[in-house]
Amino acid sequence: MKRGPKILLVLGLLAVVGMAFRVSWNALRDIAHAIGADPVAATVYPLVVDGLMALALVAALVLPEGDRRFALRILAGYTAASLVLNYVHGLVPGLHGPGRVRLADWSPANWALVLLATSLPVGSIFYGSDLVAKVLHHRPATGEAPQTGTDRSAADLRQPAGAPAERSADPAPAPDPTEAAPVGPAAEPEAGVPAAAADRPTGAPRTRRPRKPTGRVPAAARSTRPRRTPEELLTEARTATAAWPVERLTADRIREAVHTSPAKARVLRETLKAERAAAPAGLHLVTDPHTTAPDTAPNAEPAAVAAAGE
């Protein structure tokens with residue numbers, strides 16, 4: 001629709017609303033006189049009812065879905081109230097003159113109409129303030145604000161379509177053209193391997209998914225390796241380091257040899273160094289109490305002498 005017809009349509013709507021407001025003005029003013037309002041209050045009373053209706057209509061055009069329904073309920077409620085008061089004004093001829101007049105001959109109906117007419121100004125204050133607050137705090141949903149290159153990280157910056165790809169500082173060596181790749185049938189994916197993983201190139205980087213936190217390891221899943229006593233650890237360390245010089249007696253080497261903790265490896269290192277220092281120069285005999293027998297004792301001395309001779 002062109003701009004000219006739109007302007008004419010809006011102007012016609014405003015004219016119709018203005019004439020309807022003028023017709024309703026007389027009835028609402030007489031109702032205000034009937035419930036005891038002074039001339040100034042009675043003149044302003046139609047603005048309280050019909051003015052809030054116009055405000056609710058504008059708010060319904062601006063607010064989002066949830067608040068729009070609230071504004072439409074207010075518009076419908078005040079429209080119904082204005083219709084009832086105009087209807088009563090047409091039924092009661094005494095309202096057309098000055099002075100207070102009963103709105104209905106039946107007392108309960110008169111009380112209800114008086115309550116309705118007097119509650120509309122209070123409702124206009126409450127609902128009108130709420131609508132204005134909702135309109136002022138409403139932010140229209142717009143697209144993402146444009147960001148400049150200085151406010152974005154390097155990972156968020158998109159590379160232009162015609163720009164060449166950046167090269168790394170250490171480029172991968174080019175493949176040797178003399179080496180031809182073997183030609184053969186395509187390998188089928190192994191059983192249990194997803195198709196996406198099978199189709200991924202060999203050199204493509206894999207994204208590592210974050211592991212879920214695991215609970216306490218059950219006793220059945222723990223290692224069943226028996227614990228060794230300090231004497232057993234010392235015996236194993238003596239056997240493993242029998243041919244080592246003193247310079248090689250370090251905690252790391254002992255820990256790797258006997259598979260123990262760093263703290264126990266340091267204790268073993270100090271014990272072995274103390275034994276080496278207490279033994280005669282060039283001799284460090286290792287005996288295993290589990291394998292040593294009386295008939296093998298005479299062979300220990302020739303072995304020690306041979307080691308000293310070396």
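Between H89, H96, the distinction of being at pLDDT below 85 and within 30 Å of V49 (Cβ to Cβ) belongs to H96 only. Identify all residues within the stretch 264-279 that are more than 58 Å from the chain's Cα centre (by Cα) and either over 14 Å from W244 (Cβ atoms) or aliphatic (A, V, I, L, M) (or both); write none if there are none. Result: A274, A277, A278, A279.
The values are calculated or read from the model by the stated rules, or taken from the named source; none is laboratory data. Since we're looking at a predicted model, the values are computed, not measured. All Cβ positions, glycine included, derive from the backbone under ideal geometry; neighbour counts span all protein chains shown.
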